[in-house]
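Peer 1: Attaching a single structure in structure tokens format; questions to follow.
The values are calculated or read from the model by the stated rules, or taken from the named source; none is laboratory data. As the structure is a computational prediction, the values presented were derived from the model and not from experiment. Cβ atoms come from the backbone with ideal geometry, glycine included; neighbour counts cover every protein chain shown. Heads up: the accessible areas ignore ligands, DNA and RNA and are worked out on the full protein's heavy atoms, side chains in. Shrake-Rupley method; radii C 1.70, N 1.55, O 1.52, S 1.80 Å.
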Amino acid sequence: MSVDTSVRAESERLFRRAAELIPGGVNSPARAFGAVGGTPPFMRRGDAAYLTDVDGNRFIDYIGSWGPHLFGHRHPAILQSIEGALEIGTSFGAPTAAEGALAELVVSMVPSIEMVRMVNSGTEATMSAIRVARGFTGRSGIIKFAGCYHGHVDSLLVAAGSGALTLGCPSSPGVPAGATADTLVLPYNDTEQLRQAFAVNGDQLAAVIIEPVVGNMGCVIPTSEFLGELRRLCHHHGTVLIFDEVMTGFRLAAGGAQELFGVTPDMTTLGKILGAGMPVGAYGGRADIMKCVSPAGRVYQAGTLSGNPVAMAAGRAMLELIRSSSPYARLEQLGSALESQFRGAAGRAGIPVSINRVGSMLTVFMTDQPVTDLASASRSDTARFAAWFHGLLNRGVYLPCSQFEAMFISAVHTDEDIVATGVAAEAAFRELAAA
Ligand code: KE4
């Protein structure tokens, strides 16, 4: 029996009203369907791998709040931790044991992190990490890679991915030239250009910040040569290597991409899964670098709700779930099965696709060429992706609403969900072929 989730009148009503009150009707552009058109479903609740919208439509969810829900929506252990924390209050602006408890877990799980500071978002984490690297080295220059997105930090909103790329403004208005004057943008996976950039600028480079597996131009995977050379060059020039693991942290392995690839950065930024759906970010790394951070050192960074005890309790429950259940074999199995479903469906429908996947993070690119950087990702047929996206959405499958994002599978998706997704995907591919 085919699923029909195309009737979304209440979402349309809510979206019209929201757009009069909130820019674009959303509190984050990535949710606005700008790249795919139409009205975003307004969600009423989430349960395990599923979302139900205000019109009563049920979706298999492959966004998972853009990454946090490694164990699906409303996992009992996470809800119980939040309820328990609420028994004593919501926020004190004073130290609590909950912050140290989560810091202990992060330090024990993430290879590069000897000390860590909690903040409230991935953006705060990357903004702070850049400042600390500049304070530690006394240098100003930073390298980022075209198509990578590190939050809406002024110095990094240049050639940015995710919503900035999706909405065609990878370098945002409102960012003064001075804010990006020290930012050098290189192509991802281009080892030769990396070597040249260091040869010319090495002694002025405070930091390189990179998504060690990119999610924000769609899923793009580094070559081992590129990542290895990046590590070597940063070490040689005294440049701080920052892995932005806001998306990959705890997603690709308990110790993130740095554990998976065996490449240890000097600093790491975290978010998403770390907060289990609550607003948490973090930055950490070598103790000698982190001891520059106020009040231990002179690099200032602060936050009223940083280390919020309710969010800390949720994060602790999440990391303890990871340690007790080690979901990565299951996540790989589900990811491999979903990739096979998409490949088979596209093949039978005669639609050329390129699929990049690491574990439970993947993207179906509408192109017949390999996708290894922003230039190749940008050759994807975004109009075809938009049509395929709606074909799936109308059949109860909720993908990220952009060609330049990654899908996320949770440990609580079922084999039946994967098969049902394959059936919906093939029907949507066949619609493309018939168009
Ligand atoms: P937040 O400030 O959105 O918590 O984190 C920024 C960030 C930093 N680094 C990486 C690698 C990220 O992926 C993100 C945020 N990711 C996007 C999705 N691609 C968040 C979705 C949104 O902007 O609404």
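Peer 1: Probe radius 1.4 Å, ligands and nucleic acids left out: which of Trp66, Trp388 has the largest accessible area, and how do the rest follow? Please report the intermediate quantities before stating the final value.
Peer 2: Numbers: Trp66 45, Trp388 0 Å².
Putting Trp66, Trp388 in descending order of accessible area: Trp66, Trp388.
Peer 1: Counting other Cβ atoms within 10 Å, which trypsin sites (Lys or Arg not before Pro) in region 222-307 have at most 10 and lie in a DSSP loop? Write down the numbers at each step before the final one.
Peer 2: On the way: sites: Arg231, Arg232, Arg251, Lys272, Arg286, Lys291, Arg298; in loops: Arg251, Arg286, Lys291, Arg298.
The qualifying sites are Arg298.
Peer 1: Size of the dipole of the chain about the Cα centre, Lys and Arg at +1 and Asp and Glu at -1 on the beta carbon, nothing else charged, in debye to 20?
Peer 2: That gives the chain a dipole magnitude of about 380 debye.
Peer 1: What three numbers, in Å, describe the spread of the alpha carbons of the chain along their principal axes, ordered from the longest?
Peer 2: Projected onto the principal axes, the Cα atoms of the chain cover 62, 55, 45 Å.
Peer 1: Could I have the simple spin-label model distance between Arg343 and Gln204, label points 7 Å from Cα toward Cβ, reported in nm to one decimal?
Peer 2: 4.6
Peer 1: Can you compute the equivalent ellipsoid semi-axes for region 361-411, i.e. the square root of 5 times each eigenvalue of the Cα gyration tensor, sorted largest first and rounded to whole Å? Each step should come with its number before you reach the end.
Peer 2: On the way: eigenvalues 78, 40, 11 Å².
Gyration-tensor ellipsoid for region 361-411: 20, 14, 7 Å.
Peer 1: State the extension gain, in nm to one decimal, for the chain segment bounded by Ser91 and Arg13, taking 0.36 nm per residue of separation less the distance between their alpha-carbons.
Peer 2: Value of the extension gain: 24.6 nm.
Peer 1: With every protein chain left in place and a probe of 1.4 Å, what is the accessible surface of Met115, to the nearest 10 Å²?
Peer 2: The accessible area comes out at roughly 80 Å².
Peer 1: Under 14 Å from the Cβ of Asp190, count the other residues' Cβ atoms, weight Lys and Arg +1, Asp and Glu -1, and hand me the total.
Peer 2: Once all neighbours under 14 Å are counted, the net charge is -2.
Peer 1: Could you tell me what percent of the DSSP beta bridges with both partners in region 76-324 are antiparallel, to the nearest 5? Walk me through the numbers before you get to the answer.
Peer 2: Values: 10 of 26 bridges.
Of the beta bridges lying entirely in region 76-324, close to 40 percent run antiparallel.
Peer 1: Further question on the same structure: Classify region 167-316 as rounded, prolate or oblate from the Cα gyration tensor: take a ≥ b ≥ c as the square roots of its eigenvalues, call it rounded if a/c is under 1.5, otherwise prolate when a/b beats b/c and oblate if not. Spell out each step's value before the answer.
Peer 2: Values: a/c = 1.45, a/b = 1.33, b/c = 1.09.
Rounded.
Peer 1: Between Glu104 and Ala329, what is the spin-label point distance in nm, taking each point 7 Å from the Cα along the Cα→C-beta axis?
Peer 2: Distance between label points: 2.8 nm.
Peer 1: From a point 7 Å beyond the Cα of His235 in the direction of its Cβ, which residues of region 265-294 have a backbone N at a distance under 16 Å?
Peer 2: Backbone N within reach: 265-267, 286.
Peer 1: Shifting gears a bit: Please work out the average accessible area per residue across the chain, using the 1.4 Å probe convention, and give it in Å².
Peer 2: Accessible surface, normalised per residue, equals 39 Å².
Peer 1: Moving to a separate point now. Roll a 1.4 angstrom probe over the protein heavy atoms and tell me the percent of accessible area of region 1-110 that is carbon or sulfur.
Peer 2: The nonpolar share, carbon plus sulfur, comes to 55 percent.
Peer 1: Further question on the same structure: Need one number: % antiparallel among DSSP beta bridges in the chain, to the nearest 5. Let's see the in-between values first.
Peer 2: On the way: 25 of 43 bridges.
That works out to approximately 60 percent antiparallel.
Peer 1: Label points 7 Å out from Cα along the Cβ direction at Glu83 and Gln196: separation in nm?
Peer 2: The two pseudo-label positions are separated by 6.0 nm.
Peer 1: Oh, and also: When the Debye formula is applied to the Cα atoms of region 288-349, each taken as the same point scatterer, what base-10 log of I(q)/I(0) results at q = 0.28, 0.30 Å⁻¹?
Peer 2: -1.04, -1.08
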